[in-house]
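The values are calculated or read from the model by the stated rules, or taken from the named source; none is laboratory data. Remember, predicted model here, so these are calculated numbers, not experimental data. Because the Cβ atoms are built from the backbone with ideal geometry, glycine has one as well, and the counts that use them run over all protein chains shown. Side chains included, ligands, DNA and RNA excluded: accessible areas come from the protein's heavy atoms. Shrake-Rupley method; radii C 1.70, N 1.55, O 1.52, S 1.80 Å.
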Amino acid sequence: MPMLDSFLVDHVKMPSPALRVAKHVKTPKGDIITVYDVRFAKPNKEIIDEKAMHTLEHLFAGFMRDNLKNYEIIDISPMGCRTGFYMSVIGEPKDEEVISAWRESMQNILDTDTIPEANIYQCGSCYMHSLKGAKKVASYILSKNIEIMDNEKLALNPKNISNKCEVDISKVKILGI
Ligand code: ZN
């Protein structure tokens, strides 16, 4: 199996909330697609509650499109580890532009009273939502400084690590409950 880019960054050193350019992809026609790691929670120390995460997904995807208006967002998808999202964008927005759109989106979440597309026709688990939880995560992000991650500083040599998960889950903070 090929080693994916995200497995070459040290999640222990990763700050949060923080933004990282995960990679640039050049299409056959020469367009640049930027993939961002939009990290909300500190890996292995924090995790977003599953309902809050799902509601964040519905809201964040829409608000980021409104707020990063000079660029076409291809996709925003939650990470399976529930510590953040991947966002693919056509072009190369500046980190500051993305962070400012991210903060604006968190404010939009605090200001909304509806979860879009949370029905049986448009969502695969429309019963698994929490607007209250999403708002808690949004205000948590707004209370913090969003850092910019440096891939070189986070570089990981996978040959030097053991494949063990040594985490005391009683100490993992659940965000959004
Ligand atoms: Zn859904």
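Using mean Cβ contacts within 10 Å as the protection proxy, how do 20-27, 63-70 order, highest first? Present the calculation step by step, with values, prior to reporting the outcome.
Details: 20-27: 14.1, 63-70: 16.1.
Averaged packing, sorted descending, gives the order 63-70, 20-27.
Normalise the Cα radius of gyration of the stretch 6-48 by 2.2 N^0.38 Å (N = residues in it) and let me know the number.
Rounded to two decimals, the normalised Rg is 1.42.
Please report, as a whole percent, how much of the solvent-accessible surface of the stretch 1-116 comes from carbon and sulfur atoms (probe radius 1.4 Å).
Carbon plus sulfur share of accessible area: 53 percent.
Given the -39500 (n - 2.57) contribution per DSSP H run of 4+ residues, what per-residue ellipticity at 222 nm results for the chain, rounded to the nearest 500 deg cm²/dmol? Provide the component values of the computation, followed by the final result.
Details: 3 runs with 47 residues, N = 177.
Rounded to the nearest 500, it is -9000 deg cm²/dmol.
Which cysteines does the chain leave without a neighbouring Cys Cβ under 4.7 Å?
Cys81, Cys165
Among Cys123, Phe60, Ile174, whose Cα projects farthest towards the positive end of the dipole of the stretch 48-177, with charges put on the beta-carbon of Lys, Arg (+1) and Asp, Glu (-1)?
Comparing the listed Cα positions along the dipole, Ile174 ranks first.
Taking the Cα centre as origin and putting +1 on Lys and Arg beta-carbons and -1 on Asp and Glu beta-carbons, what dipole magnitude results for the chain, to the nearest 20 debye? Before the final figure, lay out the partial values.
On the way: 23 positive and 24 negative charges, 102 e Å.
Magnitude of the dipole: close to 480 debye.
Placing unit charges on C-beta atoms (Lys and Arg positive, Asp and Glu negative, everything else neutral), compute the dipole magnitude of the stretch 123-171 about its Cα centre in debye, rounded to 20. Intermediate values should be presented prior to the final figure.
Details: 8 positive and 5 negative charges, 52 e Å.
Computed about the Cα centre, the dipole is about 260 debye.
Considering every pair of different Cα atoms, what Kirkwood radius, in Å, is found for the stretch 24-97?
Radius from the Kirkwood sum: 13.2 Å.
As a test question: what accessible area, to the nearest 10 Å², does Ser143 have when a 1.4 Å probe is rolled over all protein chains in place?
Looks like 90 Å² after rounding.
Nearest-5 percent of antiparallel DSSP beta bridges in the chain?
80
Just to confirm, what accessible area per residue do you get for the chain at 1.4 Å probe, in whole Å²?
The answer is 58 Å² per residue.
Hey, could you get me the Stokes-Einstein D for the chain, Kirkwood radius over alpha-carbon pairs, 20 °C and 1.002 mPa s, rounded to whole µm² s⁻¹?
In µm²/s, the coefficient rounds to 126.
Would you mind counting up the charge near Ala155? Only other residues with Cβ under 13 Å from its Cβ, with Lys and Arg at +1 and Asp and Glu at -1.
Taking every Cβ under 13 Å from that of Ala155, the sum is 0.
So what are the ³J(HN,Hα) numbers for the stretch 137-144, from phi and the Karplus equation (6.51, -1.76, 1.60; θ = phi - 60°), rounded to whole Hz, Gly and Pro as x?
The phi angles translate into 5, 4, 6, 4, 5, 5, 7, 10 Hz.
Could you give me the radius of gyration and the Dmax of the stretch 74-139, taking only the C-alpha atoms into account and expressing both in angstrom?
Computed over the Cα atoms of the stretch 74-139, radius of gyration and Dmax are 13.6, 37 Å.
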